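Everything on this sheet refers to the single structure shown next.
Here, each number is a calculation from the coordinates, and none is a lab measurement. All figures in this text were calculated on a predicted structure; none of them were measured in a lab. Note that we place each Cβ from the backbone using ideal geometry, even for glycine, and neighbour counts take in every protein chain shown.
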Amino acid sequence: MNNTMNITVYCGALAGANPEYARRAKELGEWIAENGHTLVYGAGDAGMMGAVSEGVIEKGGKTIGITPNFFVLAEVTRKDLTEIIISEGMSDRREKMIELGDAFIALPGGTGTLDEISEVAALKRIGKLGEIDKPVMLYNIDGFYDNLLSFFDAVLAEGFFEEEDRASIIEVRNIQDISEVIENAGGIHHNRNTQFDFL
């Protein structure tokens, strides 16, 4: 796919214990800007959120931040974004980030990050991300997502995933991996016939 994309990035409001997390988050932001894509994220100004948005902004890229009003009032929302969308609450925020996204990447983060990327993966399984194939990626920096990926392998082995379900959650380890996934994204996604009984 040659068109530019809205890339929804989920990540922590904290930087984490490993400095590599924030460094690679900023690198991702720089790559998004340099390739003409737009960052869609949670509008935070600190931690991993601050790092990825800083990378985009420093390279002159476009940023769309989506945040509930109580975060604006708490002054934890970045003010120098291209666009800020105020949501009614956390659920509305997630829905808007999904609606705007053409591709989804989870950087290291906590329960909020896991909740967000899990919802996207579940919606993709049941064909609710639309007919265009939108990739769902776990950015496995320094093995951060090794345990989660092993869990997904166990889910497959125990019969709660089909092969295509497991394959739809893509592990990426570097910018080159992400670039290749994005380059091949955007084709028509053919949904299987399902009764929605496999969640």
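Descriptive notes on the structure:
- Sites listed here are GluC sites (Glu not before Pro) in the stretch 47-153 whose DSSP assignment is loop and whose Cβ has at most 16 other Cβ atoms within 10 Å: GLU75, GLU88, GLU131.
- Each of THR111 and ILE132 was given a label point 7 Å from its Cα along the Cα-to-Cβ line. The distance between the two points is 3.4 nm.
- Shape of the stretch 17-124 from the C-alpha gyration tensor: rounded (a/c under 1.5, with a ≥ b ≥ c the square roots of its eigenvalues).
- Taking a ≥ b ≥ c as the square roots of the eigenvalues of the Cα gyration tensor, the stretch 63-122 is prolate, since a/c reaches 1.5 or more and a/b is larger than b/c.
- In this Cβ point-charge picture (+1 for Lys and Arg, -1 for Asp and Glu), the chain has a dipole of about 380 debye about its Cα centre.
- Of GLY16, GLY61, GLY44, the one that fluctuates the most in a GNM where the chain has Cα springs shorter than 10 Å: GLY16
- Using the Cβ-Cβ distance between THR4 and LEU123 with R0 set to 22 Å, the FRET efficiency works out to roughly 0.45.
- DSSP-loop GluC sites (Glu not before Pro) across the stretch 139-176, with at most 10 other Cβ within 10 angstrom: GLU158
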